[in-house]
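Engineer: Provided herewith is a single structure, encoded as structure tokens, for subsequent inquiry.
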Amino acid sequence: MKVAILGAGAWGTALGVLLASKGIPTALLCRRKEHAEALRAHRENKEYLPGVALPAYLYPTHDPEEALSGAEFAVVALPSKALDTLRDLPQAPWYLSATKGLFFREGALLTPSQVVAALTGRPVATLSGPNHAEEVARFLPTASVAAGPEALARRAQEVFHSPTFRVYTSADLRGVELGGGLKNVLALAAGMVDGLRLGDNAKAALLTRGLKEMVRFGTAQGGEEATFYGLAGLGDLLATAYSLHSRNRGAGERLVRGEALERLEDRGVVEGLYAVKALMAWRREAEVELPIAEAVYRVAYEGLDPLKALQELMGREPKAEG
């Protein structure tokens, strides 16, 4: 068999290392020709995942035909804003989305698998969970969830499962992707708490109420409540909100310390900045209460003082926790 991975950033490279280490021939499609040549020459992705050797079964290429020819399926490891490039690539029999994000188009809130399906017309599953590329590529113990049509989810589980990468399956594709989208927004908020040095109590309260917000939002959009207490919800939220690897948490911290919005992606795409825009567009139509996400949006895009946002959150009408 052969697998194609679309996207040679840190996450795509880490998944390629994981598969190739199992002896699975894996093509890693790079956007830039010089990037593919550098990966082949140095057998290391020095730009996005330094210090990790590329196994022999991992082949970086800039040629879409070469990458996708003969592939059983393609893993989409592209930033959410780059998914539209799929329309220009040869098609795979089916796709496994490893992208986390949210989109608001024509009055609907869409997940990455829906966008991939619309662009390719092929079946799609997703892989999600608390999975930092830096740790997956170094074979530290990790768990993930493959969600979607049963046959595809089980196949993804079979292909990716390894002694250091445990894969569960789920039929709740919608819930798994919604959790992966909102947790990035909550991680931005967690980074703001860190940047303001508000303490452990504040961060614990934020994440607890953020999880409640995730459940309320996710179930309103068709996800199953139990999903948001699993790997793709709570698990991913904790990893992203606490880890030094997290670009979203780091971006929140940098934002409240005065860095300009346009500079926050100098270390990679910050998916939460796009997801919160989609959330606010959806919230205005659905009239669903998302106070933490709204505060993140106002700080990031409307220039609201983060301490003022905190004051507003703390000053909301008291109510029962449930």
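Engineer: Can you work out D for the chain in µm² s⁻¹ from Stokes-Einstein, where Rh is the Kirkwood radius over C-alpha pairs, the temperature is 4 °C and the viscosity is 1.567 mPa s?
Structural biologist: 65 µm²/s
Engineer: Here is a follow-up. Of the beta bridges DSSP finds with both residues in segment 3-126, what % are antiparallel, to the nearest 5?
Structural biologist: Counting DSSP beta bridges with both partners in segment 3-126, the antiparallel share is about 20 percent.
Engineer: Something else about it: Listed here are the pairs Lys100/Lys319; Lys81/Lys319; Lys33/Lys277; Lys2/Lys183; Lys46/Lys212; Lys183/Lys308; which of them are more than 30 Å apart at the Cα?
Structural biologist: Lys100/Lys319; Lys81/Lys319; Lys33/Lys277; Lys2/Lys183; Lys46/Lys212
Engineer: GluC sites (Glu not before Pro) within segment 93-174: which are DSSP loop residues with at most 14 other Cβ atoms inside 10 Å?
Structural biologist: Loop-located and lightly packed - Glu106.
Engineer: Would you kindly calculate the mean projected area, averaged across all directions, of the convex hull enclosing the Cα atoms of segment 232-322, in square nanometres?
Structural biologist: 7.1 nm²
Engineer: Given bins 10 angstrom wide, list per bin the percent of all Cα-Cα distances in segment 3-152, short to long.
Structural biologist: 12, 44, 35, 9, 1
Engineer: Related question: Taking N as the number of residues in segment 32-90, what is its alpha-carbon radius of gyration divided by 2.2 N^0.38 Å?
Structural biologist: 1.20
Engineer: Another question about this same structure. Seen from all sides and averaged, what is the projected area of the convex hull of the Cα atoms in segment 176-270, in nm²?
Structural biologist: Projected over every direction and averaged, the Cα hull of segment 176-270 covers 5.8 nm².
Engineer: Could you give the spread of the C-alpha atoms of segment 278-322 along their three principal axes, from largest to smallest, in whole angstroms?
Structural biologist: 29, 27, 11
Engineer: A follow-up question, please. Between Ala241, Ala41, Val145, whose Cα lies farthest towards the positive end of the dipole of the chain when Lys and Arg beta carbons carry +1 and Asp and Glu beta carbons carry -1, centred on the Cα centre?
Structural biologist: Sorting the options by dipole projection puts first Ala41.
Engineer: Which whole-number value in Å² is the accessible area per residue of segment 139-181, probe 1.4 Å?
Structural biologist: 42 Å²
Engineer: Based on the mean of other Cβ atoms within 10 Å per residue, sort peptides 305-318, 80-93 so the most packed one is first.
Structural biologist: The packing order, highest mean first, is 80-93, 305-318.
Engineer: Stokes-Einstein diffusion coefficient for segment 93-143 at 37 °C in a medium of 0.692 mPa s, Rh from the Kirkwood formula over Cα pairs: what value in µm²/s?
Structural biologist: It diffuses with D of about 262 µm²/s by this estimate.
Engineer: Here is a follow-up. Taking the Cα centre of the chain as origin, work out the dipole magnitude from +1 charges on Lys and Arg Cβ and -1 charges on Asp and Glu Cβ, in debye rounded to 20.
Structural biologist: 340 debye
Engineer: I want to check the label-to-label distance for Thr164 and Ala82. Put each point 7 Å from Cα in the C-beta direction and report it in nm to one decimal.
Structural biologist: Label at Thr164, label at Ala82, 2.4 nm between them.
Engineer: For segment 1-70, what is Rg from Cα atoms divided by 2.2 N^0.38 Å, rounded to two decimals?
Structural biologist: Relative to the rule-of-thumb radius for its length, segment 1-70 sits at 0.94.
Engineer: Continuing with this model, one more query. When you count, for each residue, the other Cβ atoms within 10 Å and take the mean per peptide, how do 114-127, 17-30, 39-52, 182-195 rank with the highest first?
Structural biologist: Peptide ranking by packing, descending: 182-195, 17-30, 114-127, 39-52.
Engineer: How much accessible area per residue does segment 41-106 have, in Å², with a 1.4 Å probe?
Structural biologist: Result: 48 Å² of accessible area for each residue.
Engineer: From the phi of every residue in segment 58-72, what ³J(HN,Hα) in whole Hz does the Karplus formula 6.51 cos²θ - 1.76 cosθ + 1.60 yield, where θ is phi - 60° and glycine or proline is x?
Structural biologist: Along segment 58-72, the couplings run 9, 10, x, 8, 9, 9, x, 4, 5, 5, 9, 4, x, 6, 5 Hz.
Engineer: Here is a follow-up. Over its Cα atoms, what ratio of radius of gyration to 2.2 N^0.38 Å does segment 112-261 give?
Structural biologist: 1.09
Engineer: List the residues whose amide H sits under 5 Å from the amide H of Leu102, counting only those 5 or more places along or on another chain, with H placed 1.01 Å from N in the peptide plane.
Structural biologist: Ala275
Engineer: When the accessible area of the chain is split by element with a 1.4 Å probe, what percent falls to carbon and sulfur?
Structural biologist: In the chain, the share of accessible area belonging to carbon and sulfur is 51 percent.
Engineer: Could I ask something else about it? Specify the inter-centroid distance of segment 257-322 and segment 60-104, based on alpha-carbon positions, in whole Å.
Structural biologist: Centre-to-centre (Cα) distance: 30 Å.
Engineer: How much FRET efficiency would the formula 1/(1 + (r/R0)^6) give for Leu196 and Arg138, where r is the Cβ-Cβ distance and R0 is 30 Å, rounded to 0.05?
Structural biologist: 0.40
The values are calculated or read from the model by the stated rules, or taken from the named source; none is laboratory data. None of the values given here were measured: they were computed from a predicted structure. In this analysis, Cβ positions are derived from the backbone assuming ideal geometry, glycine residues included, and neighbour counts consider all displayed protein chains. For accessibility, only protein heavy atoms count, side chains too; no ligands or nucleic acids. Shrake-Rupley method; radii C 1.70, N 1.55, O 1.52, S 1.80 Å.
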